[in-house]
1. From Q60, Q74, Q113, which residue is of a type outside the set (A, V, I, L, M) and under 19 Å from K32 (Cβ atoms)?
2. Of all residues in the stretch 111-151 being free of Cβ contacts under 8 Å to residues at least 40 places away in the same chain and within 15 Å of the chain's Cα centre (by Cα), which is farthest from E10 (Cα to Cα)?
3. Could you look through the stretch 17-32, keep only residues that are more than 14 Å from V180 (Cβ to Cβ) and touching a Phe, Trp or Tyr at 6+ places or on another chain (Cβ under 7 Å), and pick out the one that is surrounded by the fewest Cβ atoms within 10 Å (Cβ to Cβ)?
4. Could you list, in sequence order, all residues of the stretch 122-139 that are crowded, with 18+ Cβ neighbours inside 10 Å, in contact with a Ser or Thr (Cβ under 7 Å, 6 or more places away or on another chain) and farther than 23 Å from W90 by Cα?
5. Quick test for you: out of L147, L191, pick the one residue that is surrounded by 20 or more Cβ atoms within 10 Å (Cβ to Cβ), within 22 Å of I45 (Cα to Cα) and modelled with pLDDT under 95.
6. Restricting to the stretch 73-99, name every residue that is free of Cβ contacts under 8 Å to residues at least 40 places away in the same chain and either within 12 Å of G47 (Cβ to Cβ) or under 15 Å from the mean Cα position of the chain (by Cα) (or both).
7. Given the criterion in contact with a Pro (Cβ under 7 Å, 6 or more places away or on another chain) and within 16 Å of I67 (Cα to Cα), identify the matching residue among V158, V180.
8. Can you tell me which of (1) modelled with pLDDT under 95; (2) surrounded by 15 or more Cβ atoms within 10 Å (Cβ to Cβ); (3) in contact with a Ser or Thr (Cβ under 7 Å, 6 or more places away or on another chain) is the one A156 doesn't meet?
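The values are calculated or read from the model by the stated rules, or taken from the named source; none is laboratory data. Computed from a prediction, not measured in an experiment: that's the story for all the values here. Positions of Cβ are generated from backbone atoms using ideal geometry, with glycine treated the same way; all protein chains shown enter the neighbour counts.
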Amino acid sequence: MSPAIKITKEEINDLPLNAYEGPVTIVDNDEKLAMALQELKKEKILGFDTESRPSFKKGQTYPASLIQLGGQHQIWLFQINNFASLDALWDVLADEKIIKAGVAIADDIKKLQELQDFTPGGFVEIATLSTQAGILNTGLRSLAALLLGFRISKRAQVSNWARSTLSDIQIQYAATDAWVSRELYLHMQQLSQRPDGVSRTASS
C-alpha cells in the first residue's frame, strides 16, 4: 500500500503566494449573461465555486451571492442578486457534458438549489479524487499547495459577497478559487494516468 500523502500548515506557508491573473468577466446584467453563456457552452471543463455573505451568528446563514466558473482562458463571476432569472445558467449547471469541478461542492449545490431547483449534472468533487489517490488533505488551499506547488490567499473569504460592487481583492479571490479548481482537476486527471500514481510537487 502506498504511504498517505499530506502537507502541513507550516509547509504551505513556506510556499510562494499565487493568484489568478487572467481575464475575469463580472456578469451583472442580461447582456453580459447572454455573452457569457455563449462562451460557457464551448467549455468542456469548468472550475466551480460559490460565495455567500458570511454569518457571524450561530444558526444564521445567507443564500449564495456569487457563482464562479473558470474556463480555459477566462473566469466568469455571476452576481446572482442582479438577476430575476438565471434559467440559462442553471441549464449549464445541469449539463452532463460540461464538467464542473470543485472542492466541497455538495454545500454549494445545496445553496443553489435553495434559490432554484435543478438537477446538477457533470459535477466532480476534487476531494473525492484526492482521497482516492491517497491524499489526506482535501481542502482547496492544501491541495493547491500539495499538487500545484503554491499557496493561495484566503484573506477575502469572509468578506461581504452580497455587495453590489465587488472589490479588487474579492474579484481576485473568487477568480483564483475557480481557476485553482480547474487546474486541480486537470492535475488529478494527469496523475490518474500515471503508473506511479500521485507525486508531490510542493516538496519532496
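1. Working: Q60 fails: under 19 Å from K32 (Cβ atoms); Q113 fails: under 19 Å from K32 (Cβ atoms).
Of the residues listed, the single one that is of a type outside the set (A, V, I, L, M) and under 19 Å from K32 (Cβ atoms) is Q74.
2. Pass one, the stretch 111-151, residues free of Cβ contacts under 8 Å to residues at least 40 places away in the same chain: 113, 116-122, 125, 127-128, 131-132, 138-139.
Remaining after also requiring within 15 Å of the chain's Cα centre (by Cα): 122, 125, 127-128, 138-139.
Numbers: G122: 35, E125: 26, A127: 21, T128: 24, T138: 16, G139: 15 Å.
Ranking the candidates gives G122 first.
3. Residue satisfying both the conditions and the ranking: T25.
4. The answer is A127, S130.
5. Selected residue: L147, the only one of L147, L191 that is surrounded by 20 or more Cβ atoms within 10 Å (Cβ to Cβ), within 22 Å of I45 (Cα to Cα) and modelled with pLDDT under 95.
6. Once the filter is applied, which keeps residues that are free of Cβ contacts under 8 Å to residues at least 40 places away in the same chain and either within 12 Å of G47 (Cβ to Cβ) or under 15 Å from the mean Cα position of the chain (by Cα) (or both), the stretch 73-99 yields only L93.
7. Answer to the selection: V158.
8. Tallying (1) modelled with pLDDT under 95; (2) surrounded by 15 or more Cβ atoms within 10 Å (Cβ to Cβ); (3) in contact with a Ser or Thr (Cβ under 7 Å, 6 or more places away or on another chain), A156 fails exactly one: (3).
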